[in-house]
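The values are calculated or read from the model by the stated rules, or taken from the named source; none is laboratory data. The shown structure was predicted, so the numbers you read here are calculated from the model rather than taken from an experiment. Here Cβ is always computed from backbone atoms with ideal geometry, including for glycine, and neighbour counts include all displayed protein chains. The accessibility values were calculated without ligands, DNA or RNA, using every heavy atom of the protein model including side chains. Shrake-Rupley method; radii C 1.70, N 1.55, O 1.52, S 1.80 Å.
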Amino acid sequence: MKRLLLPVAAMSILTLAGCANTSGYSGDVYRGSQAQTGQNVTYGTIVAVRQVQIQAESRAGGLLGTGGGAIIGGLLGSQIGGGSGRQLATVAGALGGSVAGTAAEGGANRVAALEMEIRRDDGTDVVVVQRADHPFQAGQRVRLIGNGGSMSVAPY
């Protein structure tokens, strides 16, 4: 029973490690502060599109992946050997688990995105990065919604 509990706990903690809210990186999602406010709209043509990734911030500040990994690694390490060897294995497991948990959380919090260079109709260029939830391509006409601080791209 004890051997079954550890893998279940490991999967639960590592699943929770990827709980960053990434929906805000979409051009289809507005923050509450943007609702019922006027947004500027300009028009332009996409000059270049490049696939990038957005590293989302973790709600727990990385604590869940690092701490959860350390706990799981320590628990797994404590089942190896006996005496001082068990203590060393527990410490090594906790250190290795914290590194693995941090890496797992960082990977889970990455979002596929597009970096789009857009030439506005007035001749100025702007670059906008947003979640890759629409198939944008060079030469496509688009609407730019927002201002310099917060701008999204929408199909025209």
statement: Filtering the range 112-122 for residues that are over 11 Å from T45 (Cβ atoms) and either more than 18 Å from the chain's Cα centre (by Cα) or open to solvent by less than 60 Å² (accessible area, probe 1.4 Å) (or both) leaves a count of 4
Hits in the range 127-149 (condition: part of a strand (DSSP E or B) and either open to solvent by less than 30 Å² (accessible area, probe 1.4 Å) or at positive phi (or both)): V128, Q130, V142, L144, I145, G146
- request: Quick one: which residue in R131, R119 is of a type in the set (D, E, K, R), in contact with an Asp or Glu (Cβ under 6 Å, 6 or more places away or on another chain) and at pLDDT 70 or above?
  value: R119
